[in-house]
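Working notes for the structure below.
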């Protein structure tokens, strides 16, 4: 449990869900983790712990964590975010761009405001943070950037595994992730000679988190479309510790390709492998 000893990682959207799981998994492997969130409290009706509680959970378990707060949809608030993140534990070795916004609306009805909001958070913010952190990584000849993507970057094939309306309304969001995939590939090739490894990672299936309860009915009907949040955390760990770059990856495929076991978030137990099935009735993370 020392894969990331001495490494400093910054993970956006880390209060709960996939980002929170990645933060816990990285901390269990020895990384000093800076967790980003859009606000300290969830008093506005959000689910899961607030960012302070999430950080405290890691620290109480023996890890090292801190947090920074910024609304990544605002260019002014993300302009110095890497600098602020590095004030806690020093220069970043790893950046995980996980924060995202999804407005479920038909492509024929998506307004300019809705589209701009999603493109700004899902594409521009990861690019801005990567551009901020890359000079240091390139100078040190070491670093990892992981952009969290989505299988919705590709149009589902017909017949749809769920309702047609569900396949259609994910389109505008998926378009932002398709753009992120393409930009990531280009950026990875540009800096490959500097030993900076950049990839995107998407869930192979539905990940049930506290922010995705609306898909639980789909998971009940199609349990084969479900995966545990640990799958994404383990794949993220692999991509932020191996010399792999320029790839658009999927969670189960990463574990299968590298023949890795699926571990619990604390890294102490093995849950299975890339074929491990999740429980649709399990509580979200």
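Based on this model, can you work out whether residue 100 counts as under 21 Å from residue 187 (Cβ atoms), in contact (Cβ under 8 Å) with a residue 40 or more places away in the chain, in a helix (DSSP H, G or I) and touching a helix residue (DSSP H, G or I) at 6+ places or on another chain (Cβ under 9 Å)? Walk me through it before giving the result.
Details: under 21 Å from residue 187 (Cβ atoms): yes; in contact (Cβ under 8 Å) with a residue 40 or more places away in the chain: yes; in a helix (DSSP H, G or I): no; touching a helix residue (DSSP H, G or I) at 6+ places or on another chain (Cβ under 9 Å): yes.
Judged against the criteria, residue 100 is not a match.
Have a look at 146, 92, 106 and point out the one that is more than 19 Å from residue 18 (Cα to Cα), modelled with pLDDT of 95 or more and touching a strand residue (DSSP E or B) at 6+ places or on another chain (Cβ under 8 Å).
Working: 146 fails: more than 19 Å from residue 18 (Cα to Cα); 106 fails: touching a strand residue (DSSP E or B) at 6+ places or on another chain (Cβ under 8 Å).
Of the residues listed, the single one that is more than 19 Å from residue 18 (Cα to Cα), modelled with pLDDT of 95 or more and touching a strand residue (DSSP E or B) at 6+ places or on another chain (Cβ under 8 Å) is 92.
Please verify whether the range 220-237 includes one or more residues that are touching a helix residue (DSSP H, G or I) at 6+ places or on another chain (Cβ under 7 Å), closer than 16 Å to residue 200 by Cβ and either at pLDDT below 95 or surrounded by fewer than 23 Cβ atoms within 10 Å (Cβ to Cβ) (or both).
No, the range 220-237 contains no residue that is touching a helix residue (DSSP H, G or I) at 6+ places or on another chain (Cβ under 7 Å), closer than 16 Å to residue 200 by Cβ and either at pLDDT below 95 or surrounded by fewer than 23 Cβ atoms within 10 Å (Cβ to Cβ) (or both).
Can residue 3 be described as closer than 20 Å to residue 263 by Cα and either at pLDDT below 95 or part of a helix (DSSP H, G or I) (or both)?
Against the criterion (closer than 20 Å to residue 263 by Cα and either at pLDDT below 95 or part of a helix (DSSP H, G or I) (or both)), residue 3 does not qualify.
Name the pairs whose Cβ atoms lie under 7 Å apart, with the first residue in the range 132-156 and part of a loop (DSSP other than H, G, I, E, B), the second surrounded by fewer than 16 Cβ atoms within 10 Å (Cβ to Cβ), and 6 or more positions between them or separate chains?
Here the result reads 141/194; 141/195; 142/195, each pair linking the range 132-156 to a residue that is surrounded by fewer than 16 Cβ atoms within 10 Å (Cβ to Cβ).
Using the structure shown, decide if residue 194 is surrounded by fewer than 16 Cβ atoms within 10 Å (Cβ to Cβ), in contact with a helix residue (DSSP H, G or I) (Cβ under 8 Å, 6 or more places away or on another chain) and at pLDDT 95 or above. So that I can check it myself, show each step before the final result.
On the way: surrounded by fewer than 16 Cβ atoms within 10 Å (Cβ to Cβ): yes; in contact with a helix residue (DSSP H, G or I) (Cβ under 8 Å, 6 or more places away or on another chain): yes; at pLDDT 95 or above: yes.
Here the answer is yes, as residue 194 does meet what is asked.
The rows are residues; the columns are (1) assigned to a loop (DSSP other than H, G, I, E, B); (2) in contact with a helix residue (DSSP H, G or I) (Cβ under 8 Å, 6 or more places away or on another chain).
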| residue | (1), (2) |
| --- | --- |
| 62 | yes, no |
| 68 | no, yes |
| 76 | no, no |
| 85 | no, no |
| 95 | no, yes |
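Quickly run through the range 102-118 and pick out the residues that are buried (at least 18 other Cβ atoms within 10 Å of the Cβ) and within 19 Å of the chain's Cα centre (by Cα).
Answer for the range 102-118, where residues must be buried (at least 18 other Cβ atoms within 10 Å of the Cβ) and within 19 Å of the chain's Cα centre (by Cα): 102, 118.
If I ask for residues that are part of a helix (DSSP H, G or I) and in contact with a strand residue (DSSP E or B) (Cβ under 6 Å, 6 or more places away or on another chain), which ones from the range 162-198 would you list? Give the derivation first.
Kept after step one, since they are part of a helix (DSSP H, G or I), are these residues of the range 162-198: 164-169, 171-194.
Matches in the range 162-198: 180, 181, 184, 187, 188.
Is it the case that the range 119-130 has a residue that's at pLDDT 95 or above, assigned to a strand (DSSP E or B) and either touching a strand residue (DSSP E or B) at 6+ places or on another chain (Cβ under 7 Å) or under 19 Å from residue 199 (Cα atoms) (or both)?
Applying the first criterion (at pLDDT 95 or above) to the range 119-130 yields 119-130.
Checking the rest, the ones that are also assigned to a strand (DSSP E or B) come to none.
There is no residue in the range 119-130 that is at pLDDT 95 or above, assigned to a strand (DSSP E or B) and either touching a strand residue (DSSP E or B) at 6+ places or on another chain (Cβ under 7 Å) or under 19 Å from residue 199 (Cα atoms) (or both).
List pairs: first in the range 266-285 and on the phi < 0 side of the Ramachandran plot and at pLDDT 85 or above, second part of a loop (DSSP other than H, G, I, E, B) and crowded, with 17+ Cβ neighbours inside 10 Å, Cβ under 6 Å, 6+ apart or cross-chain?
Cβ pairs passing all conditions: none.
The values are calculated or read from the model by the stated rules, or taken from the named source; none is laboratory data. Not measured: the values here are computed from a predicted model. When we count neighbours, we look across all protein chains shown, and the Cβ atoms used for this are built from the backbone with ideal geometry, even at glycine.
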